[in-house]
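The values are calculated or read from the model by the stated rules, or taken from the named source; none is laboratory data. No experiment lies behind these values; they were computed from the predicted model shown. Note that we place each Cβ from the backbone using ideal geometry, even for glycine, and neighbour counts take in every protein chain shown.
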Amino acid sequence: MKVLVVGSGAREHALAVALSRDPSVTAVAVAPGNPGTAEVALNLPVDPMDPAAVADLAQGFDLVVVGPEAPLVAGVADAVRDKGIPVFGPSAEAAQIEGSKSFAKEVMSAAGVPTAAADTCQTADAAVTALQARTPPYVVKADGLAAGKGVLVTEDLLDAENFARDVLSTAGARVVVEDFLDGPEVSLFAITDGTTVLPMLPAQDHKRVGDGDTGPNTGGMGAYAPLPWLPSGTVAEILALVLQPVVDELSRRGTPFVGLLYAGLAMTSNGPSVVEFNCRFGDPETQSVLALLDSPLGEVLLKAATGRLAGTELSWRSGGSVTVVVAAEGYPGTPTAGDTIELGELPAGVEVLHAGTRLDDGSLVSAGGRVLSVTAVGLSLQDARERAYDGVRQVVMRGGFSRSDIAARAARGEISVPTRGSDQ
């Protein structure tokens, strides 16, 4: 089968690599792609935010996989489906599970899914009132898409109020003020055809820009999988409590979710509770999860896109996978661009996946905030972590930086889930 991947980041590079390993996939194209995807697939020019252009480009492909959230919210999957082409990605209506945090809260309430109590606010006065009724840490979220950076978690009430005012200064904007959920976070991907839900390996993202989870939120500075600290049976519990009820509720509303449903959860003392939903593969967790996938990805995604997922099982490699993001100077504020990137010889089991890169007169240069994802697999999480950082040392880019502690606490056995019913 011929597969078209829509997008241009490290997530799409990872998808292209995984698809190219599937014996049933005869050709992979990425639109618009990047210099890294060009090494494993055919790059095709397209505006991924133009549903009609993507649908026209998809002619002749057997499966389309839409990577980023913005094209999904814009209706790209709908346009492709209207052409009769199987597409892995939800409709614009179903993609509102990520496109609108207030919609997600509404769906969770209807489905009885555990999540933080929240207020949706359209004015600064309402947001201030909602914040003042809570205790720190304060959580404020922009209601719409914000590329992983529309969330503030702070101990400072004034900072939270100012963040809410900034978001609400845009006409029509809303913010969601919610209770803080304590406990380690889990990213769990689930492939679904709108009825059957197939969980993947749980992973953990590192959102803050600095070591020790300091500094502002980013799109993600690194990830690892699996989670050695997660109690057995947790994935089945999340499937029963969260994923299946949400898929069932969206189906009941007449907007079945076909694609990748991503649940970001906090493992609290009361059990798993949803922090957020995404409507697509997460970045950088995808890089780590797909590196451990043994099953043929193209076959599984086609089954989901055509309503034939029932009875499918996934197989995984043993060991661990760690992804470390190399970011440009200034990220996540105003990152620099145009800096030359040199890659040395990579250790065994290490891949460099491109995100913000471009070619300038044949030279690889930076073109975004998160420039590269260095992903390694190993016999254990610690082994994968060591290989990943060996790979990072082979990346030479002026001002480039990465966190030094991705997966460190997990590898040292320092993460644990609170005991049920405890106050910790």
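Here region 366-410 is the region considered, the condition is being among the small types (Gly, Ala, Ser), touching a strand residue (DSSP E or B) at 6+ places or on another chain (Cβ under 8 Å) and within 21 Å of LEU201 (Cα to Cα), and the residue that is surrounded by the fewest Cβ atoms within 10 Å (Cβ to Cβ) is SER380. Restricting attention to region 136-143, does a residue exist that is part of a loop (DSSP other than H, G, I, E, B), without any contact (Cβ under 8 Å) to a residue 60 or more places away in the chain and within 23 Å of the chain's Cα centre (by Cα)? Yes; the residues of region 136-143 include at least one that is part of a loop (DSSP other than H, G, I, E, B), without any contact (Cβ under 8 Å) to a residue 60 or more places away in the chain and within 23 Å of the chain's Cα centre (by Cα). All conditions but one from (1) in contact with a Ser or Thr (Cβ under 8 Å, 6 or more places away or on another chain); (2) in a strand (DSSP E or B); (3) not hydrophobic (A, V, I, L, M, F, W, C) apply to SER187; the one that does not is (1). Taken over region 245-304, residues that are farther than 26 Å from GLY112 by Cβ and in contact with a Gly (Cβ under 7 Å, 6 or more places away or on another chain) amount to 3. Determine whether region 324-347 contains at least one residue that is without any contact (Cβ under 8 Å) to a residue 40 or more places away in the chain, aliphatic (A, V, I, L, M), out of contact with any Gly (no Cβ under 9 Å at 6 or more places or on another chain) and in the same structural domain as ALA384 (by TED's automatic domain parsing). No - not one qualifying residue is present in region 324-347.
I'm checking my understanding of the structure. Among residues of region 315-331 that are hydrophobic (A, V, I, L, M, F, W, C) and not in a loop (DSSP other than H, G, I, E, B), which one is nearest to SER288 (Cα to Cα)? The qualifying residue nearest to SER288 (Cα to Cα) is VAL322.
Which members of region 299-333 meet the condition of being among the hydroxyl-bearing types (Ser, Thr, Tyr) and over 22 Å from the mean Cα position of the chain (by Cα)? If the condition is that a residue be among the hydroxyl-bearing types (Ser, Thr, Tyr) and over 22 Å from the mean Cα position of the chain (by Cα), then THR306, THR312, SER318 are the ones that fit. Across region 73-114, the number of residues qualifying as within 16 Å of LEU261 (Cα to Cα) and small (Gly, Ala, Ser) comes to 10. Across region 107-125, the qualifying residues are those that are farther than 22 Å from GLU185 by Cβ and of a type in the set (A, V, I, L, M, F, W, C), and the one among them that is farthest from the chain's Cα centre (by Cα) is ALA124. Within region 205-219, the set of residues being at positive phi and in a loop (DSSP other than H, G, I, E, B) comprises GLY212, ASP213.
Among the residues of region 154-183, those that are touching a residue at least 24 places away in the same chain (Cβ under 8 Å), touching a helix residue (DSSP H, G or I) at 6+ places or on another chain (Cβ under 9 Å) and not basic (Lys, Arg) comprise LEU157, ALA160, GLU161, ALA164, VAL167, LEU168, ALA173, VAL175, VAL176, VAL177, GLU178. Applying the condition of being surrounded by fewer than 18 Cβ atoms within 10 Å (Cβ to Cβ) and in contact with a Lys or Arg (Cβ under 9 Å, 6 or more places away or on another chain) to region 158-184 and asking which residue is nearest to ALA410 (Cα to Cα) yields PHE180.
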